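A short write-up of the structure that comes next.
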Amino acid sequence: MTGPADDVGVLLAQAVRLRETGHREEARARLLVLRDRFPDDAQVAYQTAWVHDTLGLEAEAVPHYVDALAGHGLGADDRKGALLGLGSTYRTLGRYADAVATLSEATAAFPADNALKTFLAMALYNVGRAHDGMRLLLTVVTETSADPDIVGYRSAIEHYAQDLDAVEGTA
């Protein structure tokens with residue numbers, strides 16, 4: 001005999017498949033029903049947030065992301081995805097300080113994730129911290145690029161990333 005926990009897993013997988021195959025409205029409808037039935041399920045909340053984001057319904061995605069992150073049951077990859085989704089959504093909505101706070105938390109928790117750093121750099125720009133954002137982006141570029149033109153100037157880029165306003169050799 002199967003119970004509600006088995007039921008939610010199957011229904012959630014069906015809704016995710018719908019989203020992944022382009023049937024986002026149908027996935028959204030199913031996920032909203034699941035949210036009503038399983039309001040404390042972090043996976044359901046995360047998937048509901050995600051489908052809202054894919055539909056351009058960012059404001060409606062926020063409470064689902066918040067619930068997903070407040071709950072238990074997200075693995076590391078899904079937690080990282082929820083933090084990126086919430087931070088990016090806050091930025092899209094003009095909630096720049098919230099975006100910086102969320103994405104800063106995310107980069108502290110997942111320091112090797114360059115997508116998080118890139119979204120944080122954009123949010124830093126939005127709050128008037130362009131220098132910090134540019135430093136972060138330049139660091140990501142130097143650490144990840146295999147482009148020979150970048151690699152050839154890596155040490156110079158790393159140096160200037162620390163202080164973009166430095167002027168050498170002024171008299």
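In this calculation the C-beta distance from residue 55 to residue 157 is compared with R0 = 45 Å, giving a FRET efficiency of 0.70. Entry note, region 80-163: relative contact order of 21 percent, from Cα contacts under 8 Å with a spacing of 6+ residues.
Report the net charge of residues surrounding residue 163, where surrounding means a beta-carbon distance below 14 angstrom and charges are Lys +1, Arg +1, Asp -1, Glu -1. All intermediate terms of the calculation are to be shown ahead of the outcome.
On the way: positive: 135; negative: 132, 158, 165, 168.
After counting each charged neighbour, the total is -3.
Around the Cα centre of the chain, unit charges on the Cβ atoms of Lys, Arg, Asp and Glu (plus for the first two, minus for the last two) sum to a dipole of about 260 debye. If you sort the three axes of the alpha carbon gyration tensor as a ≥ b ≥ c, you get a/c of 1.5 or more for region 1-74 and a/b no higher than b/c, which makes it oblate.
From least to most packed, judged by other beta carbons within 10 angstrom and beginning with the fewest, 117, 80 follow the order 80, 117. Shape of region 68-168 from the C-alpha gyration tensor: oblate (a/c of 1.5 or more and a/b not above b/c, with a ≥ b ≥ c the square roots of its eigenvalues).
For region 43-121, rounded, prolate or oblate, judged on the Cα gyration tensor with a ≥ b ≥ c (square roots of eigenvalues), a/c < 1.5 rounded, else prolate if a/b > b/c? Oblate shape, in that a/c is at least 1.5 and b/c is the bigger or equal ratio. Spacing of the modelled spin labels on residue 115 and residue 132, each 7 Å from Cα toward Cβ, amounts to 2.4 nm. Projected onto its three principal axes, the C-alpha set of the chain covers 80, 31, 27 Å, listed from the longest axis down.
Based on the mean of other beta carbon atoms within 10 Å per residue, what is the order of 137-146, 43-52, most packed first?
Numbers: 137-146: 14.8, 43-52: 25.6.
So the order, starting with the most tightly packed, is 43-52, 137-146.
Cβ-to-Cβ counts within 10 Å put 38, 119 in ascending order as 38, 119, the fewest first. Neighbour counting of Cβ atoms within 10 Å sorts the residues 19, 129, 91, fewest neighbours leading, into 129, 19, 91.
Can you tell me the relative contact order of region 1-147? Whole percent, Cα pairs under 8 Å, sequence separation 6 or more. Each step should come with its number before you reach the end.
On the way: 175 pairs, mean separation 19.1, N = 147.
Averaging sequence separation for qualifying contacts and normalising by length gives 13 percent for region 1-147.
Every number in this text was worked out from the coordinates using simple rules, so none of it is lab data. For clarity, every value in this text was computed on a predicted model and none was experimentally measured. Every residue, glycine among them, receives a Cβ derived from its backbone with ideal geometry; neighbour counts consider all protein chains shown.
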